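What follows is calculated from the coordinates using simple rules that are stated; it is not laboratory data. Treat the numbers as computed from the prediction; the structure is a model and nothing was measured. Positions of Cβ are generated from backbone atoms using ideal geometry, with glycine treated the same way; all protein chains shown enter the neighbour counts.
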Amino acid sequence: MPLQIRYFAWLKQRTGVAAEEIDLPAEIKDVAALKAWLGRRHPRFAEACAAGGIVRCAVNHDYVEDDRTLLPGDEVAFFPPVTGG
């Protein structure tokens, strides 16, 4: 079952897509590994992730840390900081 990836706000521009579906490569076990893998596909996403604390991640609608284990079929969403106004 593929992993669903969603990008929000300016992360869509950095990746060039709002969403993508991938088969979870065997070497990707957690969010940190997924970010690194996606960063190789989308270098500007890697730049955003390199600025610690800028990109937040949710798995199945719950905010998680980078050590969160991923499973096939999970929905993973990446968010930049949200500002009010």
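Side notes on the structure shown:
- Taking label positions 7 Å along the Cα-Cβ direction at both Asp30 and Asn60, the computed distance is 1.8 nm, reported to one decimal.
- Loop-located GluC sites (Glu not before Pro) in the stretch 3-40 whose Cβ has at most 10 other Cβ within 10 Å (DSSP): Glu27
- The charge dipole of the chain, taken about its Cα centre with unit charges on the Cβ of Lys, Arg, Asp and Glu (plus for the first two, minus for the last two), comes to roughly 400 debye.
- Listed residues Gly39, Gly52, Gly73, most fluctuating in the chain (Gaussian network, C-alpha, under 10 Å): Gly52
- Dipole of the chain, positive end: most advanced residue of Gly53, Gln13, Pro72 [Cβ charges, Cα centre]: Gln13
- Rounded tilt (10° steps) of 31-41 against the dominant C-alpha axis of the chain: 80
- Fraction of C-alpha pairs exceeding 19 angstrom in the chain: 30 percent, rounded to a whole number.
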